[in-house]
Amino acid sequence: MTMLKRLQLHSRLLMSFALIGLVPLIFIGLFSLFYAQKILFSQLKKDLVSICDAKSISIKNFLSSHESNVKTLAASGGIVDAVETLEEAFDEMGGTTEDNMLWQALYHRYYPWLTQYTNEQEYMDLYLISTDGDIVFSVTRKNDLGKNIMDESLRNTSLAFCYKKALQRVFLSDFALYPPHDNEPAAFAGAPIYRDGEVSGVVALYISIDMINRIMLRRSGLGGAGETYLVGEDFLLRSDAYHSPEYTVKGSFENPDKRKLQNSATLQSFMGFTGCITATNYVGQKVIRAFSPVVISEMTWAVIADLNHKEAFEPIRVFKMIIIIAVGIGMMIVLFLSLFISGKISGPIKRLTEATENMKAGRYDIRIDNDLTQSSDEVGILARSFDQMTRELDQTMQDLVSEIREKEIAHEALRDKEERLQSILNNTTSMVFLKDLENRIIMANPQYKKVFGYKDDDLIGKTDSDLFSREVADRFIENDRKVLEADGPIQFEEKVNMPDGIHTYLTVKFPIHDKDGRPYAVCGIATDITELKRKEQAISDALSFNEKIISESPVGMVIYDENGDCIEINKSMCALIGAEKEAALAQNYHRIENWKEGGLYDLVSLAIARDQHQMMEFHSTTSFGKDVWLRTFLMPFKVSGKTHLLVMGIDISQTMQAQKEKERMEGQLRQAHKMEAIGTLAGGIAHDFNNILSAILGYSQMARYELPEEDPVRGRLEKVIQAGDRAKELVRQILSFSRKSDQDRIPVRIHFILEEVVKLLRATIPATIRIETDIDPDCGFILADSTQIHQVVMNLCTNAFQSMEEDDSGVLSLSLNGVEMTKKDLENMAGYDAGPYVELKIADTGMGIPKENLDRIFDPYFTTKDIGKGSGMGLAVVHGIVKSHDGMLFVHSEPESGSEFRILFPRTDPVKQERVVRSQEVKKGNEHVLVVDDEDSLVEIAKIRLESMGYQVTGVTSSPEALEMFKQDPGRFDILVTDQTMPQMTGKQLANEIFSLREAFPVILCSGYSDKINEAIAEESGISAFIMKPVEMDELSRVIRQVLDADP
């Protein structure tokens, strides 16, 4: 600091201007560079995570498509025939394909279309494998054809692993090296092939790694050096890398110790996380890396996206150079301007300084150069003033003598003035006092004496230290010193402790000079302003408090004056309306349109007119574009007789949204509880109804067998049995609903379903509603579950009838035709192929659907019907069934003109299936059968029918009684036929007790419905057979014979 003071003004100005210019310039450059780098890195991370997520979705869709392909292929009739006939020919020649003419002929029969399928779907191979594990078909005919999957060369391959899993379900294996195909990486999609519910074999599709690479090696958005690749849970590659030929899937599997990619990104992916980090890739390059998991079937892969760090931040390097160049140029300009300006300022001041030194030496005739006095800036003003001062000072010295003479004349007049002044001093309410330079009181007016309670003898000659406390006296003395230093009047606020408290005095002090102009005393005039200060402080505190309340309040506040102009607004209100404070202050509420549209403007007028507070909740888009729900309070108040308006606002958007969401969720929850109760009720009804059907069908079948063919009663019984079968199918539908299970789909002629629905409708809807049909019986087959199609037609027809119910008249139209859909017809329907379709139209002439509801009619729980007349699930179910059948659903409706629902199902060719004709021959036997059921009628039916077939039958209606009977003589019975749901002990529990007495004892379990037992659970428990009620006697005799004749 000392060194800086020694510098001349020119140097200090130069340094100051340089620092003022350079510091902000350098700061702006560094801040711009840092902020640009931060923004770029944030955007790069978002882009990389988006690329990673897109790759994850592509891989999931890719693998899911192969699961779907193999599942569809396994369900085709041709595959079922192929695996069975090829296996039969393979087995006949001792398990070989060499010199096997029959196998060769069958192979060439299936080869063309399976090869075509493999090529079209871009698979490397297609395998058909028997249930014994024999590979009976391969498109490429590598050395694995004809081998057993459990051979030493194949048992540890991914094909073998896929085969084992595919015997139970559709399965997709992970990639691994497959030796028969040149040790190339291979994954397999496998599915079981069923014939009559039993597995006939497995079809497996060979997925090449090239198909994965085509997805992962697309490098759009990754620059010149970026890449994406997949890593498996073993940390080996599942797609080829871009930067190194050594990092391929095959190379990774062949050299796992050196090619593992175990790092933070892969570990986090396998833990289910998605993110972005900075890392080093497998070739040592620094990269920005995004990662995401892909979970398919039983395997998890990690999707990795790398972006070269240097390439990504190349724009920052260029920007950095630009900043450096710009800052350098700016520094040069700043230095030049600083040098120029400091010279312009310091030069004239230096000349004025020289003139001042001359005056100090007593030379009053000094004159300032014209080039300084004629300048219009501050220096010019100073020069002119200095020149004027020197001229006046010279003149003053000349006039001093004559002035002294004049003062002697005025001395007499001064005495008169003193007398008048004394009169003023005696009568003024202000305290007036005079102190010499030693701080002694030399004069005080009566008010001073009165206030402090002193007399002349006690006061004159006393100092402030004698009269007041040390603190007060020091302050008075300091103020006197300031006045003497200033040699002029100064106003002070001085505080004094008085008996009634601290008093504040506004004191004007000024020096008193002698004839030589030297100060010899200080005069003070003090006025008590204590009460005034108290009022000022109270007002100041109130204003400060109010300003703080308004500014810091979380409640939005804005104040408008009498003209409607905004004069104050706090931060909370700015945030509520989405505005900057300057823009908000420029508003006038008379011109705010959303106030007028929302009704707030009218409420403001009412509040001002009545001078009352008002409150309003409304939804609005503010003038600044923010969408918000507000609770607004309007409070008019007056200032100087003019009405102002305080508006307070609270954002209740979240409250309103939460309320709506709560109401919606409560409605859905109530509906879900209803649906759950219906499902539970359906299961209970199904169980009891199956028991009733068992008795009806059992007695009807026995009666039919006892009547001759020509007896007309036999035909009537056939009708009863047919009705029972329909009821049995109805129970199956109820059970399907309660379990939400998948339905089997087979080629169906849909016109039969429509004809059945029309018959039902004619019997149920009023005759005033006309039904018109246009059904083409040759429209073709669709692949469907007939029960679900029946449900679709019934739901749509029911809705159509209800829309015409109010007028109790109208026309319900149903049409069914085959159509050809071209690519142009389907150009707006992604995922559908051109070709033959079956078109179903259901139309009505009812009230129609309002336009505002058309987009919501398929939403679950959406309904416009009265409470109790609709759940809102009918059209949602229709939409779900149509989509699950790969169909398209279109709606056209005009209010008051009716509605038309148009459905397109893909047409399919009927699968040629061998017709299974149940043998009418009754399977007889002589074994001893123990029949257990808690229904007496069912025990009686079983006993009569089985005894008619030659069996010995013991019937029991209590499972504990049956167990006790078995314990007495376990060798007495040959087989147990038991119901599942019985009091005290279920059928499964009875079977377990019998197994403890006699291991592997034959047991047939029957059930009307149970959510705790099914065929799979029964088989795992050691039960020989599982039959769903109602049980036909022919079926029971066949199953009994089949169980008894099975190998132990």
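The values are calculated or read from the model by the stated rules, or taken from the named source; none is laboratory data. Predicted model only: the values in this text are computed from it and were never measured. Here the Cβ is made from the backbone with ideal geometry for all residues, glycine too, and neighbour counts use every protein chain on show.
Cβ-Cβ distance below 6 Å, separation of 6 or more or different chains: which pairs start in the stretch 971-998 with a residue that is assigned by TED's automatic domain parsing to the domain that holds Met1028 and end on one that is part of a loop (DSSP other than H, G, I, E, B) and charged (D, E, K, R)?
Asp974/Glu927; Asp979/Asp933; Met982/Asp934
Go through the stretch 589-622 and give me each residue that's under 19 Å from Asp561 (Cβ atoms) and in contact (Cβ under 8 Å) with a residue 40 or more places away in the chain.
Of everything in the stretch 589-622, those that are under 19 Å from Asp561 (Cβ atoms) and in contact (Cβ under 8 Å) with a residue 40 or more places away in the chain turn out to be Tyr589, Val604.
Test Pro836 against the criterion of being surrounded by fewer than 16 Cβ atoms within 10 Å (Cβ to Cβ) and touching a Lys or Arg at 6+ places or on another chain (Cβ under 7 Å), and give yes or no.
Here the answer is yes, as Pro836 does meet what is asked.
Is it fair to say Asp125 is surrounded by 20 or more Cβ atoms within 10 Å (Cβ to Cβ) and either at positive phi or of a type in the set (Asp, Glu) (or both)?
Judged against the criteria, Asp125 is a match.
Condition first: assigned to a helix (DSSP H, G or I), small (Gly, Ala, Ser) and within 24 Å of Arg169 (Cα to Cα). Can you find one or more residues in the stretch 78-88 that meet it?
Yes, the stretch 78-88 has at least one match.
Give Ile1017, Ile994, Ile1027, Ile1013 a once-over and let me know the one that is assigned to a helix (DSSP H, G or I), of a type in the set (A, V, I, L, M) and modelled with pLDDT under 90.
When all the criteria are applied, what remains is Ile1017.
Which condition does Glu408 not pass, out of (1) modelled with pLDDT of 75 or more; (2) closer than 24 Å to Asp516 by Cβ, if it passes all the others?
So Glu408 meets the others, but not (1).
With the stretch 482-540 as the region, which strands (runs of 3 or more DSSP E) entirely inside it contain at least 3 residues that are among the hydroxyl-bearing types (Ser, Thr, Tyr)?
501-513
Listed residues Leu437, Leu459; which is more than 19 Å from Ile502 (Cβ to Cβ), assigned by TED's automatic domain parsing to the domain that holds Lys509 and in contact (Cβ under 8 Å) with a residue 60 or more places away in the chain?
Leu437
From Asp151, Asp196, Asp134, which residue is in contact with a helix residue (DSSP H, G or I) (Cβ under 7 Å, 6 or more places away or on another chain), over 23 Å from Lys250 (Cβ atoms) and either acidic (Asp, Glu) or not assigned by TED's automatic domain parsing to the domain that holds Asp91 (or both)?
After ruling out the rest, the residue left standing is Asp134.
Could you check, for the stretch 9-28, whether at least one of its residues is modelled with pLDDT under 70, loosely packed, with under 15 Cβ neighbours inside 10 Å and not in a helix (DSSP H, G or I)?
So far as the stretch 9-28 goes, no, none of its residues is modelled with pLDDT under 70, loosely packed, with under 15 Cβ neighbours inside 10 Å and not in a helix (DSSP H, G or I).
For the structure I just gave you, tell me whether Gly146 is over 44 Å from the mean Cα position of the chain (by Cα), of a type outside the set (Lys, Arg) and not in a helix (DSSP H, G or I).
Judged against the criteria, Gly146 is a match.
Of everything in the stretch 278-307, what is part of a strand (DSSP E or B) and modelled with pLDDT under 80? Give them in sequence order.
Across the stretch 278-307, there are no qualifying residues.
Can you tell me which condition Phe510 does not meet? The list is (1) in contact with a Cys (Cβ under 9 Å, 6 or more places away or on another chain); (2) over 23 Å from Glu419 (Cβ atoms), and all the others hold.
Exception for Phe510: condition (2).
Scan the stretch 199-237 for residues that are small (Gly, Ala, Ser), out of contact with any helix residue (DSSP H, G or I) (no Cβ under 7 Å at 6 or more places or on another chain) and either part of a strand (DSSP E or B) or closer than 22 Å to Lys310 by Cα (or both) and report the count.
So the count comes out to 3.
Tell me which residues, restricted to the stretch 977-1036, are touching a His at 6+ places or on another chain (Cβ under 7 Å) and within 18 Å of Glu961 (Cβ to Cβ).
The one that is touching a His at 6+ places or on another chain (Cβ under 7 Å) and within 18 Å of Glu961 (Cβ to Cβ): Thr981.
Give the stretch 452-475 a look and list any residue that's surrounded by 14 or more Cβ atoms within 10 Å (Cβ to Cβ) and assigned to a loop (DSSP other than H, G, I, E, B), or say none.
Within the stretch 452-475, Tyr454, Lys462, Phe468 meet the criteria.
Here is a check on your reading of the model: is Ile994 more than 50 Å from the chain's Cα centre (by Cα) and either of a type in the set (Val, Ile, Thr) or over 20 Å from Asn926 (Cα atoms) (or both)?
The answer is yes for Ile994.
Looking at (1) among the hydrophobic types (A, V, I, L, M, F, W, C); (2) surrounded by fewer than 14 Cβ atoms within 10 Å (Cβ to Cβ); (3) farther than 18 Å from Asn563 by Cβ, which is the one condition that is false for Val628?
Result: Val628 fails condition (2) only.
Do we have any residue at all in the stretch 270-291 that's surrounded by fewer than 16 Cβ atoms within 10 Å (Cβ to Cβ) and under 27 Å from Tyr178 (Cα atoms)?
no
Pull out all pairs, ordered by first then second residue, where Cβ-Cβ is under 6 Å, the residues are six or more apart or on different chains, the first lies in the stretch 270-290 and is on the phi < 0 side of the Ramachandran plot and of a type in the set (Phe, Trp, Tyr), and the second is assigned to a strand (DSSP E or B) and surrounded by 13 or more Cβ atoms within 10 Å (Cβ to Cβ).
What qualifies is Phe270/Thr300.
Looking at Arg470, Arg518, Arg475, Arg534, can you tell me which residue is under 60 Å from the mean Cα position of the chain (by Cα) and either more than 23 Å from Thr428 (Cα to Cα) or not aromatic (Phe, Trp, Tyr) (or both)?
Among Arg470, Arg518, Arg475, Arg534, only Arg534 is under 60 Å from the mean Cα position of the chain (by Cα) and either more than 23 Å from Thr428 (Cα to Cα) or not aromatic (Phe, Trp, Tyr) (or both).
Anything in the stretch 928-943 that is in contact with an Asp or Glu (Cβ under 6 Å, 6 or more places away or on another chain) and in a strand (DSSP E or B)? List them, or say none.
Residue satisfying the conditions is His928 alone.
So Thr863 fits all but one of (1) at pLDDT 80 or above; (2) more than 30 Å from Ala991 (Cα to Cα); (3) of a type in the set (S, T, N, Q); what number is the exception?
Just one mismatch for Thr863, condition (1).
Among the residues of the stretch 497-505, are any surrounded by 13 or more Cβ atoms within 10 Å (Cβ to Cβ) and of a type in the set (A, V, I, L, M)?
Scanning the stretch 497-505 turns up no residue that is surrounded by 13 or more Cβ atoms within 10 Å (Cβ to Cβ) and of a type in the set (A, V, I, L, M).
In the stretch 140-151, what residues are under 19 Å from Asp182 (Cβ atoms) and surrounded by fewer than 21 Cβ atoms within 10 Å (Cβ to Cβ)?
Thr140, Arg141, Lys142, Asn143, Leu145, Gly146, Lys147, Asp151
For the stretch 816-833, which positions are surrounded by fewer than 17 Cβ atoms within 10 Å (Cβ to Cβ) and in a strand (DSSP E or B)?
If the condition is that a residue be surrounded by fewer than 17 Cβ atoms within 10 Å (Cβ to Cβ) and in a strand (DSSP E or B), then Asn817, Gly818, Val819, Glu820 are the ones that fit.
Filter the stretch 997-1010 for residues that are modelled with pLDDT under 85 and either in a loop (DSSP other than H, G, I, E, B) or more than 49 Å from the chain's Cα centre (by Cα) (or both) and give the result.
Gly1008, Tyr1009, Ser1010 - these are the residues of the stretch 997-1010 that are modelled with pLDDT under 85 and either in a loop (DSSP other than H, G, I, E, B) or more than 49 Å from the chain's Cα centre (by Cα) (or both).
Just checking, how many residues over the stretch 799-819 are among the hydroxyl-bearing types (Ser, Thr, Tyr) and either at pLDDT below 85 or farther than 24 Å from Ile782 by Cα (or both)?
Qualifying residue count for the region: 2.
Looking at the structure I just gave you, is Ile442 of a type in the set (A, V, I, L, M, F, W, C), in the same structural domain as Lys495 (by TED's automatic domain parsing) and in contact (Cβ under 8 Å) with a residue 40 or more places away in the chain?
Yes; evaluated as a whole, the condition is true for this residue.
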